[in-house]
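Please read the structure below before turning to the comments.
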Amino acid sequence: MTEAGFSVTVPATTANLGPGFDHLGLALSLNMRIEVASADAWYVLYQDKEYAELPTDETNLIVQTIQHVASRYDQVIASQKLVVHSDIPLGKGLGSSATAIAAGIEIASELAGLQLSPKDKLRIGSELEGHADNVTAALIGGMTVSYFTDDEMEVLTFPAPPIGVVILVPPVALKTEASRGLLPEQLTHKVAVRGSAAGSVMTAAIAQSDWVTAGRMMERDLYHEPYRKVGFPNFDEIRLACKEAGAYGMTISGAGPSLFVAVPPGTEQQVAASLEQSFPHYQALALQPAEKGAYITK
Ligand code: HSE
């Protein structure tokens with residue numbers, strides 16, 4: 001059962017927001033759009049130079065996701081040509097692989113007429129990604145808070161929060177596996193409790209739209225920032241400059257190497273310009289949280 005001639009749009013995401021490690025995701029106002037049409041063989045055509053190195057055949061992550069979903073439901077999907085337009089920096093901590101997985105799930109569901117429920121999509125995406133933060137936000141938009149294990153899954157959502165966002169993007173990419181390789185196998189009970197408290201207070205503050213407290217807690221992460229920040233030139237200096245520019249808080253975006261800065265709404269352009277001037281190593285993107293997750297247009 002195939003249909004042709006539709007497109008799927010999926011937002012970029014930032015994960016963690018500091019202590020929300022592996023369970024908090026936020027959709028952002030950058031998108032990947034994929035035009036889907038039937039073809040004689042699977043082929044992925046990337047329109048943006050940054051993506052030129054990615055596989056264009058069946059080893060491509062979007063195609064692999066489509067085929068994985070199809071076979072999970074005992075379906076076979078005929079080959080398609082996928083034309084990909086994206087303004088999401090690749091390998092920079094903005095969820096580009098989760099975006100590709102979310103797109104693959106949507107495409108498979110559409111082409112095979114699976115009518116997957118949001119819950120099915122969230123579980124499949126989290127299983128493929130290995131954690132639930134980016135992919136849940138990519139699929140449903142806004143901000144997501146997830147509990148994900150082999151047997152259980154809970155995903156709660158917040159509407160896109162009333163903040164502006166600045167993302168500082170360095171020229172180098174970083175593989176998530178390499179960044180996760182910097183993390184310790186174990187934390188002491190005391191450290192884990194403090195990390196959890198920071199995450200809980202941050203999430204409760206976000207629920208109350210108290211971004212001053214949320215921003216402060218965002219900078220109290222103990223799960224990953226202490227181990228990853230060593231790879232960032234001027235991390236503490238940038239954090240200080242963010243504060244001086246009026247930001248609520250700054251942290252690593254996902255696994256890095258970009259930095260996520262939460263700012264009062266409407267100030268993102270001005271803060272981005274000021275940070276880019278002070279830290280020219282980074283490109284500063286002025287963005288907003290995105291309300292909408294992945295959607296299909298016919
Ligand atoms: N939570 C993940 C990490 C996000 O920080 O490694 C990247 O996939």
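The values are calculated or read from the model by the stated rules, or taken from the named source; none is laboratory data. None of these values were measured; they are calculated from a predicted model. Backbone-built Cβ (ideal geometry, glycine too); neighbour counts: all protein chains shown.
Points to keep in mind about this one:
- Of the residues making up region 1-59, those that are within 16 Å of the ligand (Cβ to nearest atom) and assigned to a loop (DSSP other than H, G, I, E, B) number 3.
- Every residue from region 154-190 that is farther than 22 Å from residue 231 by Cα and out of contact with any strand residue (DSSP E or B) (no Cβ under 7 Å at 6 or more places or on another chain): 159, 162, 188, 189, 190
- Candidates in region 211-231 are the residues that are surrounded by fewer than 18 Cβ atoms within 10 Å (Cβ to Cβ) and hydrophobic (A, V, I, L, M, F, W, C); of these, the one that is nearest to residue 267 (Cα to Cα) is 212.
- Selection from region 258-289 of residues that are of a type in the set (Gly, Ala, Ser) and buried (at least 22 other Cβ atoms within 10 Å of the Cβ): 258, 262, 272, 284
- Single residue of 61, 30 found to be surrounded by 18 or more Cβ atoms within 10 Å (Cβ to Cβ), in contact with an Asp or Glu (Cβ under 6 Å, 6 or more places away or on another chain) and on the phi < 0 side of the Ramachandran plot: 30
- A single member of 82, 30, 45, 61 is under 24 Å from residue 289 (Cβ atoms), touching a residue at least 12 places away in the same chain (Cβ under 8 Å) and of a type in the set (A, V, I, L, M), and it is 30.
- With respect to being among the small types (Gly, Ala, Ser) and at pLDDT below 95, residue 137 falls outside the description.
- Scanning region 167-198 for residues being closer than 18 Å to residue 18 by Cβ, among the polar types (S, T, N, Q) and more than 15 Å from the ligand (Cβ to nearest atom) gives a total of 1.
- Boolean, residue 39 is in contact (Cβ under 8 Å) with a residue 24 or more places away in the chain and on the phi < 0 side of the Ramachandran plot: yes
- For first residues located in region 117-137 and not assigned by TED's automatic domain parsing to the domain that holds residue 73, partners that are away from the ligand (no atom under 11 Å from the Cβ) and in a helix (DSSP H, G or I) and lie 6+ apart or on another chain with Cβ distances below 6 Å do not occur.
- In region 116-147, the qualifying residues are those that are of a type in the set (S, T, N, Q) and in contact with a helix residue (DSSP H, G or I) (Cβ under 7 Å, 6 or more places away or on another chain), and the one that is nearest to residue 13 (Cα to Cα) is 134.
- Residues in region 105-135 that are of a type in the set (Gly, Ala, Ser) and away from the ligand (no atom under 16 Å from the Cβ): 108, 109, 112, 113, 117.
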